[in-house]
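What follows is a set of notes on a single structure, which appears directly below.
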Amino acid sequence: MEESNETYLSDWLAHKITDEQLQQLVSEEDFTAFQKIKNTLNGFEISHSDLEQNFSAIQQKLGEKKQTKTKVIPLWRYASIAASLLILFGVYHFFIAQNEISTGFGNTQIITLADNSKVSLNAKSTLKYCNTFEYKRTLQLDGEAFFEVEKGSPFTVETSLGDILVLGTKFNVIAFQDFFEVKCYEGKVQVTQKGKSTILTHGESIRFYNGILENWAEESSAKPTWISGESSFKNVPMRYVIEQFKNQYNVEVEYPNSIVNIKFTGTFTHEALSIALQTICLPLHLKFNEDSSGKIIIFE
């Protein structure tokens, strides 16, 4: 704000000039801004008695013996500071502040983004994106989600294990601990992991875990099965299967180290804990029981 405008604002707030006179002296944009400042200041009250009391307390605490000369700050200075803070807060909120959506045990959520893309978020997963998403389509995922992306500018999903770049497609992402899996259901996606990129098309999948890379192709349904209440796995180590089971049922599970890397292919329901355990354990000839605290114990 120029010095002349500050003078006009000060005079106007002090009722030395009228609204009509101010409109003749400043631009329409500045006049609108001045009105907002005045409205903001109407909500503030400055108590001189409080200021004097606080100042006396500070003097006593510091043991000052010299008289201090108080500098009087004109009201328009407070107006300028208040306006600046409001602008800075608005800029932070729009450009920097993030939206964060998290799901609990056994819960899922569908999010419609500003560009009309849809994200189905699986249990115990977190999605983050800035308020400027519509202009730069980038978001962060921790957990599992199915994306239905509207065509347009590049759309990027960032995870701690790798990134996925698309223009418009449908795909599922799992990113938790050291397990990273992407499956393309429609269109084409580019998966980047440790600087190496792979293109996936309809029915193709890629997986990284424990330093191992796997990729395969198969006919697939329109959406992953977890959206309809059933988790599916193809040659997935048991420790990841059990983690997904825990995410759905919010239970503690104890199991021997000997089964950690045994591969599991199959499904389990999200609707019945006992049935889910049977479908996980019986194909691998494992047994299970539940102790008095509710902990599930899996053993050979």
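The values are calculated or read from the model by the stated rules, or taken from the named source; none is laboratory data. All values reported here derive from a predicted model rather than from experimental measurement. Virtual Cβ from ideal backbone geometry, glycine too; neighbours counted across all protein chains shown.
Worth pointing out:
- Matching residues, region 132-179, being of a type in the set (Val, Ile, Thr) and more than 21 Å from residue 203 (Cβ to Cβ): 132, 138, 156, 159
- Within region 133-170, tally of residues that are closer than 16 Å to residue 197 by Cα and not charged (D, E, K, R): 12
To keep it simple, each residue is scored yes or no on (1) part of a strand (DSSP E or B); (2) outside the structural domain of residue 187 (by TED's automatic domain parsing); (3) of a type in the set (S, T, N, Q).
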{"site": "106", "(1), (2), (3)": "no, no, no"}
{"site": "116", "(1), (2), (3)": "no, no, yes"}
{"site": "120", "(1), (2), (3)": "yes, no, yes"}
{"site": "127", "(1), (2), (3)": "yes, no, no"}
{"site": "132", "(1), (2), (3)": "no, no, yes"}
{"site": "144", "(1), (2), (3)": "yes, no, no"}
{"site": "153", "(1), (2), (3)": "no, no, yes"}
{"site": "156", "(1), (2), (3)": "yes, no, yes"}
{"site": "161", "(1), (2), (3)": "no, no, no"}
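- Some residue of region 152-163 being touching a helix residue (DSSP H, G or I) at 6+ places or on another chain (Cβ under 8 Å) and crowded, with 16+ Cβ neighbours inside 10 Å: no
- Of the candidates 245, 208, the single residue that is aromatic (Phe, Trp, Tyr) and in the same structural domain as residue 143 (by TED's automatic domain parsing) is 208.
- Candidate set from region 104-124 (those that are surrounded by fewer than 13 Cβ atoms within 10 Å (Cβ to Cβ) and closer than 16 Å to residue 171 by Cα); member that is farthest from the chain's Cα centre (by Cα): 116
- Residue 241 vs. criteria closer than 16 Å to residue 298 by Cα, assigned to a loop (DSSP other than H, G, I, E, B), within 29 Å of the chain's Cα centre (by Cα) and not small (Gly, Ala, Ser): no
- Residues of region 217-266 that turn out to be touching a helix residue (DSSP H, G or I) at 6+ places or on another chain (Cβ under 8 Å) and of a type in the set (A, V, I, L, M, F, W, C), as a count: 11
- If only residues of region 248-292 that are free of Cβ contacts under 8 Å to residues at least 12 places away in the same chain and not in a strand (DSSP E or B) are counted, the one that is nearest to residue 227 (Cα to Cα) is 272.
- Of the strands (runs of 3 or more DSSP E) lying entirely inside region 177-223, the ones with 2 or more residues being in contact (Cβ under 8 Å) with a residue 24 or more places away in the chain are found at 179-186, 188-193, 204-209.
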